[in-house]
1. Defining a contact as two alpha carbons under 8 Å apart and six or more residues distant in sequence, what relative contact order in percent does the chain show?
2. Straight-line reach from Lys178: which aspartates and glutamates have Cα under 15 Å away, leaving out those fewer than 8 places along the same chain?
3. So, by mean Cβ neighbours within 10 angstrom, what's the order for 308-315, 275-282 with the highest one leading?
4. Provide the percentage of antiparallel DSSP beta bridges, counting only those with both residues in the chain; round to the nearest 5.
5. Roughly what angle does helix 182-191 make with the longest principal axis of the chain, taking Cα atoms, 0 to 90 degrees, to the nearest 10?
6. Measuring from label point to label point, each 7 Å out along Cα→Cβ, what is the Trp313 to Val298 span in nm?
7. Could you compute how much accessible surface Lys182 exposes when probed at 1.4 Å, giving the result in Å² to the nearest 10?
8. Which value does Rg/Rh take for the range 212-313 over its C-alpha atoms, Rh per Kirkwood?
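The values are calculated or read from the model by the stated rules, or taken from the named source; none is laboratory data. What you are looking at is a predicted structure, and each value in this text was computed from that prediction instead of being measured. Here the Cβ is made from the backbone with ideal geometry for all residues, glycine too, and neighbour counts use every protein chain on show. Areas reflect the complete protein model, heavy atoms only, side chains present, ligands, DNA and RNA absent. Shrake-Rupley method; radii C 1.70, N 1.55, O 1.52, S 1.80 Å.
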Amino acid sequence: MEQARRPETMARITTPALAQAFIDEQLAALRAQIGDRKVLLALSGGVDSSVVAALLIRAVGRQLVCVHVNHGLLRKGEPEQVIEVFRNQMDANLIYVDAVDRFLDALAGVAEPEAKRKIIGKLFIDVFAEEAKKLDGISFLAQGTIYPDILESGPVKSHHNVGGLPAELNFELVEPVKFLYKDEVRVVGKALGLPDGMVYRQPFPGPGLGVRCVGAITRDRLEAVRESDAILREEFRLNGLEGKVWQYFTVVPDFRSTGITDGLRTYEWPVVIRAVNTVDAVTAEVAELDFGLMAHIVDRITHEVKGVNRVLWDLTPKPTGTIEWE
Ligand code: XMP
């Protein structure tokens, strides 16, 4: 039976030297476990799967097969960054799957939040399993499980679970960061040479922008979410707020309001800005932000994002509002 608890003697990984010691130990363990066999990994580009990929690339090189599924609900630039970092810089064996149309077609007309989550989760497993089936000689499935995933089964994690794995993915598991806390995964990622934008990334839900495009997802509103999110992130970075505010993003509701641009009446969507601080995501408080900066962001979003004529700022703590809108 595999050990399910972090060893009590394991020191908290807080420094580059401690990260290096962890990496050396893991490389030896991974090589011993894997030998000359092949490992499969679903690489989302999030911190956990990226660190697992970087570790395995060092340990077994191209015996690792990474599959990056683009479901169309990723933030602007993310699929490109996965390809750049892993395929171009680390020479990973990376399969890129463009499943955008499949996801958006399956989601068309589906408005209920949990139904959307279920479709996204199930289709993700289906697409990944289809890729696995095409590959020969896979022996292991690597996963970016971290220690809180093992410890917690609270409200946050309940909507991450999409059910068991299908037979095509029934491989022996490789989980090199399963005893690490998130901050330790980041220290290890930094020591592995991953870019800061990947290592210090804010939390991002599995269903991605899908839960921020309220109600039934349409391609045009989804683009408005993606573009406004990119502007918000850019402005937070330029104004030194990256890493200071815990989570910040935009939401596009499924209603329109009247506006006026260049003397002409418009009837377009609003963008909602949400920026919160929290310790554990169970409760959260609204981040206090400079009003001049907010006005500048409003100006950019209303001028640069197609189909948007109004910006709202969500000032609701959790409770009563969840962090996400769906
Ligand atoms: P809520 O909206 O419940 O979110 O206050 C708490 C934290 O969890 C993230 N979140 C998710 N993460 N899959 C995920 O992997 C999900 O379906 C999901 N829903 C919410 C949310 O971004 C916040 O950090």
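1. That works out to 17 percent.
2. Glu2, Glu8, Glu25, Asp48, Asp149, Glu152
3. On the way: 308-315: 17.1, 275-282: 14.9.
Those peptides, ordered most packed to least, come out 308-315, 275-282.
4. Details: 13 of 36 bridges.
Given both bridge residues lie in the chain, the antiparallel proportion sits at roughly 35 percent.
5. 70
6. It works out to 0.8 nm between the two label points.
7. That residue has around 80 Å² of solvent-accessible surface.
8. 0.99
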